[in-house]
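Here's the structure, in structure tokens; my notes come after.
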Amino acid sequence: MNSAPPLRIIGELINNAYARARKAWEARDVAGFQHLAQLQAAAGVEYVNLNIDGTQRVSVRVPEMLEFLPKLIPAIQAVSDVPLSFDNPNIEYHKVALRVFDRTKSRGKPLFNSLAASREQLPAMLELIRTHDMRCIVMASECFRPDGSTGQSLDPQQSYATVKRFADLLITQAGRSLDDIIVDPGLAPVGADTYGLVNIGLDTMRLCHQDPHLRGLHFSVGLSNFAWGTPKGIKAQLERAYLTLGARVGLDYALANVEANSTPLPEDDPLVGQLEEALEAGRALAGESVEEAGFRQAAKIMELCTPYLDL
């Protein structure tokens, strides 16, 4: 690409993985959620993502989420006109969210987060997107298999085929344009990525960008997955370095923390080149297995992290 597209952020702070969101959820503190929405709106996010599902630290039942959404969504829309991203694999979550979402109080379309090959009730999800004039995130990390089953994409061609299939479904069955489609190519923890998944994601974006029939769709990643398990002192910098590399191949959205990791590093930052070198080391050479290359990539990442282990 000649120039990187501007990066737009889907703010991820309303997520029980974060302490403030978890505290607000446990207290059903609407004002706490409003604060998080306003904070992200002030930082210029394109969307505020609503993910109130459970995590390792807190258990959340589906009925609890469905009961709280009619209180949460109007409260957030009362303090911000930033469009909302509804983030859950359960279609009932989206139905309840859209029932109380007021389009007149939003400066843009709501976002369906996310479609994937393995989603139950996929046709009904497409209809929901059509009826409510939504944009959507498509997970390219899952593929449709010839036998009718689904599974993880293990090479860029599988991911690319998934993107083409979803683009066709969304255009023909949900009345969407390519501008309404945001592809998530997948992003694994880079230090434990022994299957080359980070490179698969980057290569998927390259393939899609080269296809003239897909020009106009967008790309996003869940950025906080990338540096999971790395030392605190380098975590956000690694994530920002990935944004710089991703932007080269079309990444123009990121589900990210506006307080930590939502700004790409400059191209001339040494960490960008070091990360690029580590990822290239993760590409299998002739006669090598994917795992052998993956362990070489992990070793390179460990070298980057070693100075930060005691910080």
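The values are calculated or read from the model by the stated rules, or taken from the named source; none is laboratory data. Because the structure is a prediction, the values reported are computed rather than measured. Glycine gets a Cβ as well: all are built from the backbone with ideal geometry, and neighbour counts include every protein chain shown.
Regarding Val60, is this residue within 18 Å of Asp168 (Cα to Cα), aliphatic (A, V, I, L, M) and either surrounded by 14 or more Cβ atoms within 10 Å (Cβ to Cβ) or in contact (Cβ under 8 Å) with a residue 40 or more places away in the chain (or both)?
no
Could you tell me whether any residue of segment 255-269 is surrounded by fewer than 23 Cβ atoms within 10 Å (Cβ to Cβ) and either assigned to a helix (DSSP H, G or I) or at positive phi (or both)?
Checked against the condition, which is being surrounded by fewer than 23 Cβ atoms within 10 Å (Cβ to Cβ) and either assigned to a helix (DSSP H, G or I) or at positive phi (or both), segment 255-269 yields no hits at all.
Given the options Gly108, Gly151, Gly201, name the one that is buried (at least 16 other Cβ atoms within 10 Å of the Cβ) and of a type in the set (Gly, Ala, Ser).
The unique qualifying residue is Gly201.
Is at least one residue of segment 31-52 at pLDDT 95 or above, outside any helix (DSSP H, G or I), aliphatic (A, V, I, L, M) and surrounded by fewer than 21 Cβ atoms within 10 Å (Cβ to Cβ)?
Yes, some residue in segment 31-52 is at pLDDT 95 or above, outside any helix (DSSP H, G or I), aliphatic (A, V, I, L, M) and surrounded by fewer than 21 Cβ atoms within 10 Å (Cβ to Cβ).
Considering (1) in contact with a Gly (Cβ under 7 Å, 6 or more places away or on another chain); (2) crowded, with 22+ Cβ neighbours inside 10 Å; (3) farther than 16 Å from Pro6 by Cα; (4) not β-branched (Val, Ile, Thr), say which one Gly229 fails and leave the rest.
(2)
Restricting to segment 96-105, and then to whatever is of a type in the set (D, E, K, R) and part of a helix (DSSP H, G or I), can you tell me which residue is surrounded by the most Cβ atoms within 10 Å (Cβ to Cβ)?
Step one: filter segment 96-105 for residues of a type in the set (D, E, K, R), giving 99, 102-103, 105.
Going one step further and asking which of them are part of a helix (DSSP H, G or I), we end up with 99, 103, 105.
Numbers: Arg99: 11, Arg103: 13, Lys105: 15.
Once the filter is applied, the top-ranked residue is Lys105.
Restricting the first residue to segment 7-21 and requiring it to be free of Cβ contacts under 8 Å to residues at least 60 places away in the same chain and more than 29 Å from Pro266 (Cα to Cα), which pairs with a second residue that is of a type in the set (S, T, N, Q) and not in a strand (DSSP E or B) meet a Cβ separation below 6 Å and a spacing of at least six or different chains?
If the second residue must be of a type in the set (S, T, N, Q) and not in a strand (DSSP E or B), the pairs left are Asn16/Thr55.
List every residue pair whose Cβ atoms lie under 8 Å apart, where the two residues are 6 or more positions apart in sequence or sit on different chains, the first residue falls within segment 276-287 and is assigned to a helix (DSSP H, G or I) and among the charged types (D, E, K, R), and the second residue, located anywhere, is surrounded by 13 or more Cβ atoms within 10 Å (Cβ to Cβ) and at pLDDT 95 or above.
Once the first residue is assigned to a helix (DSSP H, G or I) and among the charged types (D, E, K, R) and sits in segment 276-287, its partners that are surrounded by 13 or more Cβ atoms within 10 Å (Cβ to Cβ) and at pLDDT 95 or above give Glu276/Leu245; Glu277/Lys300.
State yes or no: is Thr55 surrounded by 14 or more Cβ atoms within 10 Å (Cβ to Cβ) and among the β-branched types (Val, Ile, Thr)?
yes
Being within 15 Å of Asp133 (Cα to Cα), more than 19 Å from the chain's Cα centre (by Cα) and either part of a helix (DSSP H, G or I) or modelled with pLDDT under 95 (or both) is the filter here, so list the residues in segment 170-203 that pass it.
Hits for segment 170-203 are Ile171, Thr172, Gln173.
From the residues in segment 260-277 that are at pLDDT below 95 and over 14 Å from the mean Cα position of the chain (by Cα), which one is farthest from Leu36 (Cα to Cα)?
Step by step, filter segment 260-277, then rank; the result is Thr263.
With respect to Thr244, is the statement that it is in contact with a Leu (Cβ under 8 Å, 6 or more places away or on another chain), crowded, with 18+ Cβ neighbours inside 10 Å and in a loop (DSSP other than H, G, I, E, B) true?
The answer is no for Thr244.
Suppose we keep only residues that are of a type in the set (A, V, I, L, M, F, W, C) and surrounded by 20 or more Cβ atoms within 10 Å (Cβ to Cβ) within segment 63-95. Which one would you say is farthest from Leu111 (Cα to Cα)?
This residue is Met65.
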